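Take a look at the structure below.
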Amino acid sequence: MAVQRRFKRMLIEVQDDVHLLQLGEMEIWDGADLALLRECLFRLISGEGCAAIVVDMRYVKYIPSGFFGMLFDWHEKHGTWFAMTAPQPNVQRMLWFRQFFKLNADGLFEMSNESTEPPVPSEQESVVKQCFTSQSV
């Protein structure tokens, strides 16, 4: 049986010691949303000893770049297990997501300690590299 509680404007659903964090149907998260998540994670992990967290990403099309780094820091420092519900394609294309999240048997994207795929240079990086290597110095 799931237990629901609120943290500011976030809904937290707890089932089998897994905390599902839901910010609602917002498509764009900004710095204030990231600060809210950081505060919530601090309370759950440091204050309550929570070891498993799922972030609901179904509606999210844009997130600040620090989001994945923040999760990875908590994962490395505290051993917290993180997963996400399936995010929108824009988020799935982000480098951090492609490198450190893998679809598991439960249909969640689970964070891994190690990169799941090597970084692929962007088209712009390839053009810049080609320009510098083709010029004689």
Please give the length that would be gained between A52 and R98 if that part of the chain were fully extended, namely 0.36 nm times their separation in residues minus their C-alpha to C-alpha distance (nm, one decimal). 14.5 nm
How long are the semi-axes of the equivalent ellipsoid of segment 25-64, defined as square roots of 5 times the Cα gyration tensor eigenvalues? Whole Å, largest first. 22, 12, 6
Most exposed to least, judged by fewest other Cβ atoms within 10 Å, V18, V3, V55 sort to V3, V18, V55
Below 15 angstrom from the Cβ of R9, what's the summed charge of the other residues (Lys, Arg +1; Asp, Glu -1)? -1
Classify segment 48-90: rounded, prolate or oblate, from the alpha-carbon gyration tensor (a ≥ b ≥ c, eigenvalue square roots; a/c under 1.5 rounded; otherwise prolate if a/b is larger than b/c)? oblate
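Computed from the coordinates by the stated procedures, all read-outs in this text should not be read as laboratory data. Remember, predicted model here, so these are calculated numbers, not experimental data. Cβ atoms come from the backbone with ideal geometry, glycine included; neighbour counts cover every protein chain shown.
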